[in-house]
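Reviewing the structure listed below.
The values are calculated or read from the model by the stated rules, or taken from the named source; none is laboratory data. All values derive from a computational prediction rather than experimental measurement. So basically every Cβ, Gly included, is an ideal-geometry build from the backbone, and we count neighbours across all protein chains shown. Just so you know, the surface numbers come from the protein's heavy atoms only, side chains and all, with ligands and any DNA or RNA stripped out. Shrake-Rupley method; radii C 1.70, N 1.55, O 1.52, S 1.80 Å.
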Amino acid sequence: MKKILFVLSFILICSAVSFGQKLKPIKLLKPQMEGGKPLMQVLKARKSSRVFSKKKLSVQMLSNLLWAACGVNRPVAGKTGKRTAPSACNWQEIDIYVAFAKGLYLYDAAANILKPVLAKDLRAAAGIQKFTKDAPLNLIFVTNFSRMGRANKKSKEFYSATDTGFISQNVYLFCASEGLATVVLGYVNKPMLAKKMGLKSDQKVILTQPVGYPER
């Protein structure tokens with residue numbers, strides 16, 4: 001009897017530990033739209049940075065960043081709304097995944113929430129360069145070809161790359177306005193990263209973009 005109770009207790013403890021390690025959704029805050037620097041100053045300050053502090057972004061800063069990248073800025077009845085970045089035919093085929101030390105999340109712009117995907121640190125896989133693992137977060141831009149209708153493969157690849165560029169530039173401008181460091185990366189082992197993320201055959205990694213505070 002004692003042995004059975006011990007086994008049951010051990011199972012319960014292991015289950016509790018496993019549950020405690022499970023990722024939970026991150027409810028983002030309403031983006032602050034009244035701040036920021038004037039556009040011309042932001043364009044002047046825009047640059048690529050490859051040295052990052054390990055300081056984490058606050059939930060408010062994270063919320064503002066993701067909204068600026070590709071958040072909903074024009075609600076549309078019965079739809080997910082229009083975005084801060086354009087997309088061909090309004091396909092909205094680009095998803096933003098966010099890799100933190102604690103795990104991987106998917107940005108749901110309509111619900112303004114980060115949905116848990118994988119409880120594993122994938123920052124080092126977000127680029128060949130060593131600094132990707134130092135940034136507190138890495139944005140991973142993934143296209144979903146299944147949303148692009150009957151467009152041929154060449155068109156899907158072209159417009160996915162173009163639309164990702166719009167989002168990436170939004171991130172650059174936000175970072176320049178808020179004093180954050182960022183750089184867009186194409187030098188990525190994309191097949192390996194896609195496998196680690198558990199992407200489907202109609203999903204493809206386009207670019208990644210680490211974001212954080214500059215190292216002083």
I need every pair where a residue in the range 147-163 that is outside any helix (DSSP H, G or I) has its Cβ under 7 Å from the Cβ of a residue that is surrounded by 14 or more Cβ atoms within 10 Å (Cβ to Cβ), sequence separation at least 6 or different chains. Met148/Trp91; Met148/Glu93; Met148/Lys156
Of the conditions (1) modelled with pLDDT under 95; (2) among the small types (Gly, Ala, Ser); (3) touching a Lys or Arg at 6+ places or on another chain (Cβ under 6 Å), Ala99 satisfies every one except a single condition; which number is it? (1)
For the range 101-131, enumerate the residues that are more than 16 Å from Leu62 (Cα to Cα) and either part of a loop (DSSP other than H, G, I, E, B) or among the polar types (S, T, N, Q) (or both). Ala119, Lys120, Asp121, Leu122, Gly127, Ile128, Gln129
Specify which of the listed residues (Leu139, Leu122) is out of contact with any Leu (no Cβ under 8 Å at 6 or more places or on another chain), within 15 Å of Leu106 (Cα to Cα), crowded, with 18+ Cβ neighbours inside 10 Å and of a type in the set (A, V, I, L, M, F, W, C). Leu139
Given the conditions (1) crowded, with 20+ Cβ neighbours inside 10 Å; (2) within 24 Å of Lys47 (Cβ to Cβ), and given that Gly186 satisfies all but one, which numbered condition is not satisfied? (1)
Is it true that Ser18 is at pLDDT below 90 and open to solvent by less than 90 Å² (accessible area, probe 1.4 Å)? yes
Select from the range 96-110 the residues that are touching a residue at least 60 places away in the same chain (Cβ under 8 Å), in contact with a strand residue (DSSP E or B) (Cβ under 7 Å, 6 or more places away or on another chain) and open to solvent by 10 Å² or more (accessible area, probe 1.4 Å) and list them in ascending order. Tyr97
Output for Cβ contacts, cut-off 9 Å, separation at least six or different chains, first residue over 12 Å from Ser168 (Cα atoms) in the range 180-194, second among the hydrophobic types (A, V, I, L, M, F, W, C) and open to solvent by 70 Å² or more (accessible area, probe 1.4 Å), reads Ala181/Val51; Tyr187/Ile128; Val188/Ile128; Asn189/Ile128
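Taking the condition of being open to solvent by less than 30 Å² (accessible area, probe 1.4 Å) and within 15 Å of the chain's Cα centre (by Cα), how many residues in the range 164-178 meet it?
Initially, the range 164-178 is screened for residues open to solvent by less than 30 Å² (accessible area, probe 1.4 Å), giving 164, 167-168, 171-172, 174-177.
After this cut, where a residue has to be within 15 Å of the chain's Cα centre (by Cα) as well, the list is 164, 167-168, 171-172, 174-175.
Final tally of qualifying residues: 7.
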Residue check: is Asp134 at pLDDT 95 or above, of a type in the set (Asp, Glu) and under 17 Å from the mean Cα position of the chain (by Cα)? no
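Here's the yes/no breakdown for (1) surrounded by 10 or more Cβ atoms within 10 Å (Cβ to Cβ); (2) part of a helix (DSSP H, G or I); (3) modelled with pLDDT under 95:
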site	(1), (2), (3)
Lys3	no, yes, yes
Leu8	yes, yes, yes
Gly35	no, no, yes
Leu57	yes, no, no
Gln60	yes, yes, no
Asn64	yes, yes, no
Ala69	yes, yes, no
